[in-house]
1. Could you check how many residues of the stretch 68-127 are without any contact (Cβ under 8 Å) to a residue 12 or more places away in the chain and surrounded by 14 or more Cβ atoms within 10 Å (Cβ to Cβ)?
2. Does any residue of the stretch 15-24 turn out to be under 14 Å from ALA131 (Cβ atoms), touching a Pro at 6+ places or on another chain (Cβ under 8 Å), crowded, with 16+ Cβ neighbours inside 10 Å and not charged (D, E, K, R)?
3. Restricting to the stretch 7-65, and then to whatever is of a type in the set (Gly, Ala, Ser), in contact with a Lys or Arg (Cβ under 9 Å, 6 or more places away or on another chain) and in contact (Cβ under 8 Å) with a residue 40 or more places away in the chain, can you tell me which residue is nearest to ILE126 (Cα to Cα)?
4. With respect to the numbered conditions (1) of a type in the set (A, V, I, L, M); (2) assigned to a loop (DSSP other than H, G, I, E, B); (3) farther than 30 Å from SER6 by Cβ; (4) modelled with pLDDT of 95 or more, which one is the sole condition not fulfilled by LEU118?
5. Within the stretch 131-145, restricting attention to residues that are assigned to a helix (DSSP H, G or I) and aliphatic (A, V, I, L, M), which residue is modelled with the lowest pLDDT?
6. Here are the criteria: (1) in contact (Cβ under 8 Å) with a residue 12 or more places away in the chain; (2) within 17 Å of the chain's Cα centre (by Cα); (3) more than 30 Å from VAL15 (Cβ to Cβ). Tell me which single one ALA133 does not satisfy.
Amino acid sequence: MGADTSLVTDPTLIVGLINQSLLPTLCKKCRVPASSQISTLDPQLVERLEKMTVLDQVYLAGPGCSLCRDGVNGRVAVAEILLPTHRFMEEIRKNGPSAARQYWVKHMGGITKVAHTLIKINAGLIDPRMAEAVVGPLDFDSYMLDAEAPEAEVHAQ
């Protein structure tokens, strides 16, 4: 980037980082339980859903109705918000962004955008197919973070 590392990793200058996406919300009138449509879903998606969600709480976009016309009726933000600390910035300087991300999740209670998406999916608000099209694979954090990532907690909710 060409910027001085000491400036970019100074938490008094970089006071917040936000990564967000907007996802379509499901129409509560015509949404369809994912469990009733398992045979129509991509097998790899089903595997991720079984691993990362409580399947009985997951819904898919319905055919549309008088309320929505196309199965969705709005959008909701999914985000990760980080308020950098000196220790977090030190982790970036010494060990790089991947280690800093792990530190953020494990020691600062960070909720990744994927984890936030899983919360919304488990609440029946977002079609997981639409979520993956925007946010990426639902098990992304399990590859980017150690096994102690927050998805295990999301699954238990």
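The values are calculated or read from the model by the stated rules, or taken from the named source; none is laboratory data. All values derive from a computational prediction rather than experimental measurement. Cβ atoms come from the backbone with ideal geometry, glycine included; neighbour counts cover every protein chain shown.
1. 0
2. Initially, the stretch 15-24 is screened for residues under 14 Å from ALA131 (Cβ atoms), giving 20-24.
Within this subset, residues satisfying the condition of being touching a Pro at 6+ places or on another chain (Cβ under 8 Å) are none.
No - not one qualifying residue is present in the stretch 15-24.
3. ALA61
4. (2)
5. The residue in question is MET144.
6. ALA133 satisfies all of (1) in contact (Cβ under 8 Å) with a residue 12 or more places away in the chain; (2) within 17 Å of the chain's Cα centre (by Cα); (3) more than 30 Å from VAL15 (Cβ to Cβ) except (1).
So that you can scan it fast, the table gives a plain yes or no per residue for (1) more than 17 Å from SER142 (Cα to Cα); (2) touching a Cys at 6+ places or on another chain (Cβ under 7 Å); (3) in a strand (DSSP E or B):
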residue	(1), (2), (3)
LEU7	yes, no, no
ILE14	yes, no, no
LEU22	yes, no, yes
LEU45	no, no, no
GLU50	no, no, no
ALA79	yes, no, yes
ARG93	yes, no, no
TYR103	no, no, no
